[in-house]
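Below is one structure, written out as structure tokens, with a few remarks after it.
The values are calculated or read from the model by the stated rules, or taken from the named source; none is laboratory data. Computed from a predicted model, the values in this text were never measured in an experiment. Every residue, glycine as well, gets a Cβ built from its backbone with ideal geometry; the counts of neighbours run over all protein chains shown. Quick note on the areas: whole protein, heavy atoms, side chains included, nothing else; ligands and nucleic acids left out. Shrake-Rupley method; radii C 1.70, N 1.55, O 1.52, S 1.80 Å.
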Protein chains: 2
Amino acid sequence: MTTEERREQLRGALIDAAETAIAEGGLSALKARDLARTVGCALGAIYTVFPDLDALILSVNLRTLHLFERTITAVRTATGGGGEAAPPDRGAAIEDLVRLAVTYLRFAIEHPARWRALFQHRMAEMPPAWFLREQVRLFRHIEAPLSVLRPDLDDEARALLARSLFSATHGMVSLGLDEKLMTLSEPVLRRQIETVVMAIGLGLTPENAPDHQEVRP
Amino acid sequence: MTTEERREQLRGALIDAAETAIAEGGLSALKARDLARTVGCALGAIYTVFPDLDALILSVNLRTLHLFERTITAVRTATGGGGEAAPPDRGAAIEDLVRLAVTYLRFAIEHPARWRALFQHRMAEMPPAWFLREQVRLFRHIEAPLSVLRPDLDDEARALLARSLFSATHGMVSLGLDEKLMTLSEPVLRRQIETVVMAIGLGLTPENAPDHQEVRP
């Protein structure tokens, strides 16, 4: 094994160990000393393959994003890649939005600690551009139904609206599951998300855009 | 001054000092030693009026909730308490929802550290019931327009939907202002919130509820 192969092996083993530690106990359970013991390396060896623990957390979060992407891609949508050939209509696009939102809820419930680690701000600095691009790439799944509901939007405006719909869904999921508020049960929260996202889909038309209907401050 | 009056004075001075510390540096800036120095008391005296720093944070957060309630109450809405006598219609109710959401955005921008402290989970335990009730009381402002848009809902279902609309708005505000994502400017974020909340209002009708239009899992 070359030095480079050994480094790659250590890197993979550390990400595996960190992923398990986060999945079991959340970000606060992540300790360099424990990781070194788990993978059987010296404490200092961690820092030969990662500049700091933040970089290791980022690698775990990248895996979580990829796991979520595989989960979304498996969801049958009419407007997205995995769909049937039928031309997408507004009804199908709205169903897609609802299905994507419910998939996000289920992902958060099935992988609570890994999901929370994506949003916990333990990190000292802003994530690097490549990580932000990975996040933004996931919004594409929302953009597909949006292009049916708001065909008037250009790419930038559609991407922005996709981010906003994700943020709205994330808010319902994260406050709905919040243990410091009154936690909602999965069926109740799911029904709420269906109600709100379906309303968004129904109300999103070019004619109804606030650019056309001005709201006074 | 009686002992009770002295305790009350110390309590008030500590809340003032903690509020200033949080407003300037966030929750992480809150240190018992600094508070004691600011109000001119012994370190141990803090714990004669608050069981721990969490209880002190809760008192600051209560003030923030009250400040936000005063801010909302000052907003002229057609369906809420401060409105004119005109009978609320769907259009007016939708405008109220949008106005409340934009008010929330502005509050978060004007009081960033105090607003963030409401949601930062440094606290060891769940907030007491009286604090949860204070939070839930704020949802009443959202319930007023909802009773116009969804007159079919009973009190419990309307309160639940109000919480969900708040959560969706909170998601857009908090991820929109998030420094770890690409932060959106106030006008851009405001327009996004207007678009999404207006769509929700337009799409929320008894006929469109998912109970009537079943979405397959």
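A few remarks follow.
- Simple spin-label estimate for B:Gln120 and B:Arg7 gives 2.9 nm between the two label positions (7 Å along the Cα-to-Cβ direction from each Cα).
- log10 of Debye I(q)/I(0), alpha-carbon scatterers only, for the protein assembly as shown at 0.08, 0.14 Å⁻¹: -0.52, -1.34
- Overall form of segment A:83-202 per C-alpha gyration tensor (a/c, 1.5; a/b vs b/c): oblate
- Innermost chain B residue relative to the axis carrying B onto A, by Cβ distance in angstrom: B:Gly171, 1
- Estimated [θ] at 222 nm from DSSP helical runs (n ≥ 4, -39500 (n - 2.57)) normalised by residues in chain B, nearest 500: -22500 deg cm²/dmol
- Per DSSP, loop GluC sites (Glu not before Pro) in segment B:1-84 with at most 10 further Cβ within 10 Å: B:Glu84
- Distance in nm between pseudo-label sites at B:Thr183 and A:Ala74 (7 Å out along the Cβ direction from Cα): 3.9
- The mean number of Cβ atoms from other chains found within 10 Å of a Cβ in peptide B:156-163 is 3, as a whole number.
- Chain A - convex hull of alpha carbons, volume per residue in Å³: 165
- Relative to the current alpha-carbon distance between A:Glu134 and A:Glu110, full extension at 0.36 nm per residue lengthens the span by 6.5 nm.
- Mean per-residue shielding of peptide A:186-195 is 5, counting Cβ atoms of other chains within 10 Å of each Cβ.
- Rolling a 1.4 Å probe over the heavy atoms of the protein chains gives the protein assembly as shown an accessible area of 47 Å² per residue.
- Computed in the context of the full set of protein chains, the accessible area of the protein assembly as shown at 1.4 Å probe radius has 55% of its extent on carbon or sulfur.
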